[in-house]
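The values are calculated or read from the model by the stated rules, or taken from the named source; none is laboratory data. Not measured: the values here are computed from a predicted model. Glycine also receives a Cβ, built like all others from the backbone with ideal geometry; neighbour counts cover every protein chain displayed.
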């Protein structure tokens with residue numbers, strides 16, 4: 001019962017990770033409240049992602065040296081305090097930017113801590129599913145935070161939107177009571193314990209397939225975000241298929257499908273085995289490419305379904321493979337890097353993809369095409385090592 005409660009609380013903590021995401025909901029009203037300061041105000045939405053990236057890289061060191069439960073609590077308390085300052089204290093726009101940035105800390109620290117602890121506490125029957133649950137919790141949190149913020153901020157009360165952080169307070173209490181206090185050095189794999197006794201030092205090394213999976217995740221985050229960053233511009237301005245209503249509908253569908261992909265990842269991996277990553281990335285790439293050649297509303301919805309399903313299965317599968325195959329301090333380091341790559345990938349996508357696409361034309365369509373083709377190529381490249389890696393990881397996990 002205690003282990004089950006610990007697992008639930010960790011997933012609840014995952015639910016709160018992207019608390020900063022609600023700031024985009026009130027950004028328009030903040031622009032109105034602080035006219036002529038657009039270049040600073042825009043940082044309210046963008047700076048938390050940078051802080052997430054920095055804190056994720058830092059967590060590779062912090063989680064290896066300090067109590068992870070304490071770090072999770074501190075990160076969440078900082079986010080709550082920062083949000084409540086904006087909600088109740090009149091501060092200049094620079095102060096709002098600073099507080100919003102602080103709300104990005106849990107996205108780096110808590111996400112990395114949870115991703116490294118979940119494979120250790122999950123029962124054997126859930127070890128290949130728990131990272132999918134983790135990703136689904138992240139997506140669900142983003143969706144509900146947007147709805148809650150919209151309620152608090154109705155009538156143009158943008159400061160009231162920051163009261164959304166109240167949602168975190170009961171989770172903090174549960175974390176204090178039930179979050180597992182697992183030592184960093186804890187290694188659950190009996191085979192590794194046996195190898196230590198035999199004097200085998202290989203357990204200290206990051207497996208080769210884990211390094212390849214980390215590289216895949218980093219490159220993937222740069223290119224598979226091509227749909228996410230460009231679909232609004234493509235739908236409204238380039239293809240002229242509709243307005244923000246259509247964009248909102250398409251992206252809401254993306255969120256729903258993403259959660260399905262996260263939960264279904266274990267079934268996908270069992271069905272396709274070594275082909276799990278290649279097929280998922282090929283589906284994501286093909287569906288991103290589709291509306292660029294057939295710019296219709298139905299194709300945009302097909303892209304939303306196929307792209308997000310494929311990409312979220314790939315993301316969850318990558319985390320699951322690493323969670324099952326990497327142990328001890330290496331797992332903490334790997335999960336910290338994954339979260340850092342998530343933030344840096346989105347950032348780099350906004351520069352790398354347009355730079356490559358400029359060789360063919362400067363438009364959202366060309367950006368999506370480059371992202372789609374690169375995603376498919378990455379998927380094909382993973383097949384060169386995934387068949388062997390899949391077998392090795394699942395043998396070691398047993």
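With respect to residue 386, is the statement that it is over 23 Å from residue 214 (Cβ atoms) and crowded, with 22+ Cβ neighbours inside 10 Å true? So residue 386 does not fit the description; no. Of all residues in segment 223-251, those being within 23 Å of the chain's Cα centre (by Cα) and closer than 26 Å to residue 341 by Cβ number 13. Please determine whether any residue of segment 228-243 is within 16 Å of residue 376 (Cβ to Cβ), in a helix (DSSP H, G or I) and either in contact with a strand residue (DSSP E or B) (Cβ under 9 Å, 6 or more places away or on another chain) or at pLDDT 85 or above (or both). Looking through segment 228-243, none of the residues is within 16 Å of residue 376 (Cβ to Cβ), in a helix (DSSP H, G or I) and either in contact with a strand residue (DSSP E or B) (Cβ under 9 Å, 6 or more places away or on another chain) or at pLDDT 85 or above (or both). When residue 102 is tested against (1) without any contact (Cβ under 8 Å) to a residue 40 or more places away in the chain; (2) surrounded by 19 or more Cβ atoms within 10 Å (Cβ to Cβ), just one condition goes unmet, and that condition is (1). Of the set (1) out of contact with any helix residue (DSSP H, G or I) (no Cβ under 6 Å at 6 or more places or on another chain); (2) assigned to a helix (DSSP H, G or I); (3) without any contact (Cβ under 8 Å) to a residue 12 or more places away in the chain; (4) farther than 18 Å from residue 219 by Cβ, all apply to residue 299 but (1). A search for C-beta distances below 8 Å between a residue of segment 7-33 that is on the phi > 0 side of the Ramachandran plot and assigned by TED's automatic domain parsing to the domain that holds residue 112 and any residue that is crowded, with 24+ Cβ neighbours inside 10 Å and part of a helix (DSSP H, G or I), counting only pairs 6+ apart in sequence or on different chains, returns nothing.
Quick grid of which residues meet (1) surrounded by fewer than 22 Cβ atoms within 10 Å (Cβ to Cβ); (2) assigned to a helix (DSSP H, G or I); (3) at pLDDT 90 or above:
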position: 333; (1), (2), (3): yes, yes, no
position: 347; (1), (2), (3): yes, yes, no
position: 351; (1), (2), (3): yes, yes, no
position: 356; (1), (2), (3): yes, yes, yes
position: 372; (1), (2), (3): no, yes, yes
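Between 276, 258, the distinction of being buried (at least 23 other Cβ atoms within 10 Å of the Cβ) and modelled with pLDDT under 90 belongs to 258 only. Take residue 347 and tell me if it is in the same structural domain as residue 261 (by TED's automatic domain parsing) and farther than 26 Å from residue 123 by Cα. Taking the combined requirement at face value, the residue satisfies it. Among the residues making up segment 74-90, those that are within 20 Å of the chain's Cα centre (by Cα) and touching a residue at least 40 places away in the same chain (Cβ under 8 Å) are 76, 79.
Yes or no, residue by residue, for (1) touching a strand residue (DSSP E or B) at 6+ places or on another chain (Cβ under 8 Å); (2) closer than 11 Å to residue 106 by Cβ; (3) surrounded by fewer than 16 Cβ atoms within 10 Å (Cβ to Cβ):
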residue	(1), (2), (3)
33	no, no, yes
42	no, no, yes
49	no, no, no
61	no, no, yes
65	no, no, yes
73	no, yes, no
76	no, yes, no
79	no, yes, no
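Could we say that residue 42 is at negative phi, in the same structural domain as residue 173 (by TED's automatic domain parsing) and in contact (Cβ under 8 Å) with a residue 40 or more places away in the chain here? No; evaluated as a whole, the condition is false for this residue.
The single condition among (1) surrounded by fewer than 17 Cβ atoms within 10 Å (Cβ to Cβ); (2) without any contact (Cβ under 8 Å) to a residue 24 or more places away in the chain that residue 247 does not meet is (1). If the condition is being closer than 21 Å to residue 343 by Cα and in a loop (DSSP other than H, G, I, E, B), then segment 73-123 contributes 103, 104.
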